[in-house]
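Take a look at the structure below.
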Amino acid sequence: MHDILKDLNWRYATKKFDSTKIISPENLDIIKESLRLVPTSYGLQPLKFIIVDSKEIREQLKPISYNQTQVVDASHLIIICCFQNTTDAHIDDFVSNISSTRKVKIESIQGYSDYMKSTINGMNQQDIMHWNKNQAYIALGQLLHTCASLKIDATPMEGFNPQEYDKLLNLTEKNLHASLVVPIGYRHEEDSAQHQQKVRKSQNDLFITI
């Protein structure tokens, strides 16, 4: 079996983490770099990743995460946030980054900048927020695979109150919205879910070749 498939078969949504096991700084850096490299529409990266080390803050987040213990017990808690709005200033910053990274004149990519602005300015804020949130799910998929490759457990969670997260962490004033929560760390030996067979549809049920 290919290593990719071994990793994906190994991972599962961990129900109980071993709070005594901590992710190394080296592996955490790999995870952060993987998230930095996540593909997004136009390459705009309308995301922020909050890594919550503080047990005190995580204890405050637990009640607004339906008291799921993974929020507190995991080595780290990652909150994937999307921008509430994407502005011309964000696009200008992106174009400036392209210019400096690729050593090209901004004038040569002005057409791309104008195209992005016309497209995004034609959307209402609700549509922009929905579009940005979709980028968070792309990041989630890459995060889960990266963790599995490192033999680090990760539990994707939509079971939390996003509005209360925004309020507690003062996200709204930063143009951010909590989209997804991902505790990462190491499974507890008593977590019975790790021994359950993975249940998925067959390839015949999932794929259509035309």
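Every read-out reported here was derived from the displayed coordinates using simple, explicitly stated rules and does not represent laboratory data. Please read these numbers as outputs of a predicted model, since none were measured by experiment. Cβ sites come from the backbone with ideal geometry, for glycine too, and all protein chains shown count toward neighbours.
In a shell of Cβ-Cβ distance under 13 Å around HIS188, excluding HIS188 itself, what net charge do Lys and Arg (+1) and Asp and Glu (-1) give?
Numbers: positive: LYS15, LYS16, LYS21, ARG187; negative: ASP18, ASP73, ASP153, GLU189, GLU190, ASP191.
Computed value for this residue: -2.
Of the options GLN196, SER96, VAL71, report the single residue whose Cα projects farthest towards the positive end of the charge dipole of the chain (beta-carbon charges: Lys, Arg +1; Asp, Glu -1).
GLN196
Which residue fluctuates the most in the chain, going by a Gaussian network model with Cα springs under 10 Å, if the choices are GLN125, GLN194, GLN110?
GLN110
Jot down the per residue volume, in cubic angstrom and as a whole number, of the convex hull over the alpha-carbon atoms of region 1-57. Provide the component values of the computation, followed by the final result.
Working: hull volume 9.0 nm³, N = 57.
About 158 Å³ per residue, rounded to a whole number.
Give me the dipole magnitude in Debye, nearest 20, for the chain about the Cα centre, with unit charges on the beta carbon: positive for Lys and Arg, negative for Asp and Glu.
On the way: 23 positive and 25 negative charges, 75 e Å.
Dipole magnitude for the chain comes out near 360 debye.
As I understand it, the value is the acute angle between the Cα axis of helix 125-149 and the longest principal axis of the Cα atoms of the chain; what does it come to in degrees, rounded to 10?
Around 50 degrees separate the two axes.
What do you get for the angle between helix 25-36 and the principal long axis of the chain? Use alpha-carbon atoms, 0 to 90 degrees, nearest ten.
Tilt of helix 25-36: around 40 degrees.
Sum up the charges of everything whose Cβ sits under 11 Å from the Cβ of LYS117, counting Lys and Arg as +1 and Asp and Glu as -1, but leave LYS117 out.
On the way: positive: none; negative: ASP88, ASP92, ASP114.
Here the charged neighbours net out to -3.
Counting only other residues whose beta carbon sits under 14 Å from that of LYS174, what net charge do I get with K and R as +1, D and E as -1? Let's see the in-between values first.
On the way: positive: LYS48, LYS167; negative: ASP166, GLU173.
Residues near LYS174 contribute 0 overall.
So for each of 137-145, 80-88, 51-59 I average, over its residues, the number of other beta carbons within 10 Å; can you give me the resulting order with the highest mean first? Write out the running numbers ahead of the final one.
Values: 137-145: 17.9, 80-88: 20.2, 51-59: 13.6.
Answer by packing, highest mean first, reads 80-88, 137-145, 51-59.
By counting other Cβ atoms within 10 Å of each Cβ, how are THR14, THR119 ranked from fewest to most? Intermediate values should be presented prior to the final figure.
Working: THR14 23, THR119 12.
Exposure proxy ranking, most exposed first: THR119, THR14.
Taking the Cα-to-Cβ direction at TYR115 and at SER99 and moving 7 Å from each Cα, how far apart do the two end points lie in nm?
With each label placed 7 Å out from Cα toward Cβ, I get 1.9 nm.
Specify the angular offset, from 0 to 90 degrees and rounded to the nearest 10, of the alpha carbon long axis of helix 88-102 from the longest principal axis of the alpha carbons in the chain.
90 degrees
Which of the listed residues, ALA148, GLN84, PHE17, is farthest toward the dipole's positive end in region 3-206, when Lys, Arg count +1 and Asp, Glu count -1 at the beta-carbon?
Farthest towards the positive pole: ALA148.
Can you grab the distance from the C-alpha centre of region 136-181 to the C-alpha centre of region 71-99, Å, no decimals?
Each part's Cα centre sits 12 Å from the other's.
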